[in-house]
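Take a look at the structure set out below.
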Amino acid sequence: MSKPEMYISLVVGPNCEMESYAIRSALEYFGARVNIHWIGRPNDLIDVLSGEELDPKVDYLILNFHGDEGRFCMPELDEDVYESNEPRGDFFGDQEVKKYTNLKDITVIGSGCTLGLEQLAHAFLECGCHSYIGPEDYIDGNANLMFVTRFMYEIINNRRSQEEAFERARSIDKETAMYKLYMSK
């Protein structure tokens, strides 16, 4: 195999498998190397966000989850299944991001409803991310897929800057226009 165009980690939340398969297939077709992380419990997400289970060669981290009010929807676990140090509950929000995340100079895409709200984006930026991208409202799942695919196509195939690729991807329609780009200062 020749050297990949880019290294991408795709983190898959509950009930996001089909969209994730489509994203992975498209990105690999574009020439990216994609590592998948299946999230079955909060500590699985923490292991990725802390950098413990993240490939050292990663350009983009795509968090493909359902979202609600700027929080990642987490798997429902029975109380006796949680590990002693594991956060409990149905959501993983900005406070958990601040507590567990250590990502240096990586662009994060929060692909899911409301995962582009300012409070969540700033939590990622405070934890070392280069930039954060996500939709600020409740977006159609097909639009999420189209945004991510178009954005990465522009980056990889057309060698566009992140800002240019972002503008092209968000210009597809009113749904993709919900995406916001936040940059570290």
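If you filter the stretch 45-83 down to residues that are out of contact with any Asp or Glu (no Cβ under 6 Å at 6 or more places or on another chain) and assigned to a helix (DSSP H, G or I), you find that the one that is farthest from TYR138 (Cα to Cα) is ASP80.
Residues of the stretch 1-44 that are part of a helix (DSSP H, G or I) and without any contact (Cβ under 8 Å) to a residue 24 or more places away in the chain: GLU17, MET18, TYR21, ARG24, SER25, GLU28, TYR29, ASP44.
For residues in the stretch 48-80 being within 21 Å of GLY128 (Cβ to Cβ) and out of contact with any strand residue (DSSP E or B) (no Cβ under 8 Å at 6 or more places or on another chain), which is surrounded by the most Cβ atoms within 10 Å (Cβ to Cβ)? Applying the filter and picking the extreme gives LEU49. Only one of the numbered conditions (1) crowded, with 22+ Cβ neighbours inside 10 Å; (2) closer than 27 Å to SER2 by Cβ; (3) in contact with a Leu (Cβ under 8 Å, 6 or more places away or on another chain) is not met by ASN35, and that is (1).
Could you list all residues from the stretch 135-176 that are of a type in the set (D, E, K, R) and either surrounded by 16 or more Cβ atoms within 10 Å (Cβ to Cβ) or touching a residue at least 12 places away in the same chain (Cβ under 8 Å) (or both)?
GLU136, ASP137, ASP140, ARG150, GLU154, ARG160, GLU163, ARG168, ARG170, ASP173, GLU175
Could you list all residues from the stretch 58-98 that are of a type in the set (S, T, N, Q) and in contact with a Leu (Cβ under 8 Å, 6 or more places away or on another chain)? Of everything in the stretch 58-98, just one residue is of a type in the set (S, T, N, Q) and in contact with a Leu (Cβ under 8 Å, 6 or more places away or on another chain), namely ASN64. Residues in the stretch 91-124 that are at pLDDT 95 or above and of a type in the set (Asp, Glu) were compared, and the one that is surrounded by the fewest Cβ atoms within 10 Å (Cβ to Cβ) is GLU118. For SER131, state whether it is over 30 Å from GLN95 (Cβ atoms), modelled with pLDDT of 95 or more and among the polar types (S, T, N, Q). So SER131 fails the test.
The values are calculated or read from the model by the stated rules, or taken from the named source; none is laboratory data. Not measured: the values here are computed from a predicted model. Don't worry about glycine lacking a Cβ; one is built from the backbone with ideal geometry, like all the others, and counts go over all protein chains shown.
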